[in-house]
Amino acid sequence: MKPAPIAVALDTDDLATAVRWTRQVAPCVSTVKVGLELYLKYGREVVTRVREAGGQRVFLDLKLHDIPATVEKAARAVADLAPAYLTVHASGGTAMVKAAVAAAPETKITAVTVLTSLGEADLDAIGLAGPSQDAVRRLAALAVGAGARALVCSPREVARVRAEVGPDIDLITPGVRPAGAAADDQTRISTPAEALAAGADLLVIGRPITRDSDPGRAAAEIAARLRAER
Ligand code: C5P
């Protein structure tokens, strides 16, 4: 069976745990996501080890944001690991996104527009005037214009971002919760089927899977429900 379009967020500071989760979920999901916590502690070894555990497709969520020359070198430093996705902040600007794209040609450079943790008051304070939706659309267009081939956005933004960037860009959505699951600290959530129906290509799901006593079963259930609802 084709694995479900889910990236399981391996949010832990323990490599053995990340490897175990990967072994459990890899049969039924397409991707695993390695974030800053794990990468800053263990470095490149994380990618090798999760691949050995069956997680072939790796989403490297490093959210790079620096001057273009530095981002280019940072992206080049991980390019040989050939992650499927590598994140950068779109607010780093056109030249920065282009630098990442040039440095990692095998990887879809994935832009983060506006962090969903920022409310309107935070955006005012950092000088991003106007409704956050406008900033999301503007930054999405900037990133795609600079060569980004994927974008991270909330499930509620997917339809608007899709209208802005067209069909060829992968839209990746966190904040996804199976019906009935705990929301945790996510506020604007959608179910997996809703997010896909709105146009998402890949769903980031962490705690509903990794906090389960049996992550493999939890992932398989979400994948099966998704297939049934589509
Ligand atoms: O556990 P949960 O399903 O909430 O995990 C969500 C994952 O997606 C985490 O790795 C988190 O850092 C990431 N993320 C998010 N919201 C964003 C961007 C990324 O929750 N806007």
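Please treat every number below as a calculation from the coordinates, not as lab data. The model shown is predicted, which means the values in this text are computed figures rather than measured ones. Cβ atoms come from the backbone with ideal geometry, glycine included; neighbour counts cover every protein chain shown.
Relative to the Cα centre, the charge distribution of the stretch 1-138, modelled as +1 at Lys and Arg Cβ and -1 at Asp and Glu Cβ, gives a dipole magnitude of about 580 debye. Every Cα-Cα pair of the stretch 21-158 was included, and the share exceeding 18 Å stands at 56 percent. Extent of the chain along its three principal axes (Cα atoms, max minus min coordinate, largest first): 44, 36, 31 Å. Across all directions, the average flat footprint of the convex hull enclosing the Cα atoms of the stretch 37-114 is 4.8 nm². Adding -39500 (n - 2.57) for every DSSP H run of four residues or longer, then dividing by how many residues the chain holds, sets the calculated 222 nm ellipticity at -12500 deg cm²/dmol.
Rg and Dmax over the alpha-carbon atoms of the stretch 114-230 stand at 15.4, 45 Å. Think of each Lys and Arg Cβ as +1 and each Asp and Glu Cβ as -1; about the Cα centre, that makes the dipole of the chain roughly 580 debye.
The relative contact order of the stretch 1-145, computed from alpha carbon pairs under 8 Å that lie at least 6 residues apart in sequence, is 17 percent. Across the stretch 13-90, Cα pairs under 8 Å and at least six residues apart give a relative contact order of 31 percent. Only one residue of G127, I169, V152 has its Cα farthest out toward the positive end of the dipole of the stretch 110-230, where Lys and Arg carry +1 and Asp and Glu -1 on Cβ, and that residue is I169. Here, P(r) means the percent of Cα pairs in each 5 Å bin from 0 to the largest distance; for the stretch 170-230 it is 4, 20, 31, 27, 16, 3, 0. Note on the stretch 91-180: with charges restricted to the Cβ of Lys and Arg (+1) and Asp and Glu (-1), its dipole about the Cα centre is near 200 debye.
Taking every full run of DSSP H in the chain, the ones that stretch at least 20 Å from end to end by Cα along their long axis and average -1.0 or higher on the Kyte-Doolittle scale are 215-229.
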